[in-house]
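Structure first, then comments.
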Amino acid sequence: MNLPLIDLYETDFYGWTQKQVELLRQNQLDLLDIKNLIEEIESLGKQQQQELVSRLEILLGHLLKWQYQPNKRSSSWLKTIREQRRKIKDIIEKNPSLKPFFNEATNKAYLLGLDLAVDETGLQIKTFPSEVPYSWELINSPEFFPGEITDKDRDLFERYGISPKSTDEISES
């Protein structure tokens, strides 16, 4: 099948990508589908930004749930918080140039995380802060869990080998 590259892009995206790779490896740059290649590369960068926002949304929503519904805290919430922090760390390690996007990503994600917390707790939106209540440092600290620590929390933390710290302790380290 020898379709022109633009037709291949529209009809067989995977085939198009393989052809682009082949042309790049053979240094046949004049045959590349530059317009669509640029579009796809830009799209990859935007996907990384969106992945960061998505992970932050889930993390912030669960931190709010943790803080505002201490009687419903569970290992499931704790595992979700840990998993999202790990995924965020991985995204940042693989894409350090996303650092200038952190504040914007956190603000976007907070609005979505706020909706998640409202939906899943049944609490009124006015219960929660209108702006992100946690610093970037706290959001990503594996020892940060907002609110008072209960005996049940201590058991959960012990099971997962977590030594929670106060906000002040995290800021000082």
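Every number in this text was worked out from the coordinates using simple rules, so none of it is lab data. Fair warning: this is a prediction, and the values are worked out from it, not measured in the lab. Please note: Cβ atoms are built from the backbone with ideal geometry, for glycine as well, and neighbour counts cover all protein chains shown.
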Counted charge near residue 107, where neighbours are those whose Cβ lies closer than 12 Å (Asp, Glu -1; Lys, Arg +1)
-2
Once the chain is represented by equal point scatterers at the alpha-carbon sites, with solvent omitted, what log10 I(q)/I(0) does the Debye formula produce at q = 0.08, 0.11 Å⁻¹?
-0.38, -0.60
What does the helix-only formula give at 222 nm for the chain: each DSSP H stretch with n ≥ 4 adding -39500 (n - 2.57), the total divided by the residues, and the result rounded to the nearest 500 deg cm²/dmol?
-21500 deg cm²/dmol
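Sort segment 96-173 into rounded, prolate or oblate with this rule: let a ≥ b ≥ c be the square roots of the eigenvalues of the Cα gyration tensor; rounded if a/c is under 1.5, and if a/c is not under 1.5, prolate when a/b is larger than b/c, oblate otherwise. Don't skip to the answer; put the middle values down first.
Working: a/c = 2.10, a/b = 1.17, b/c = 1.79.
Verdict is oblate for segment 96-173.
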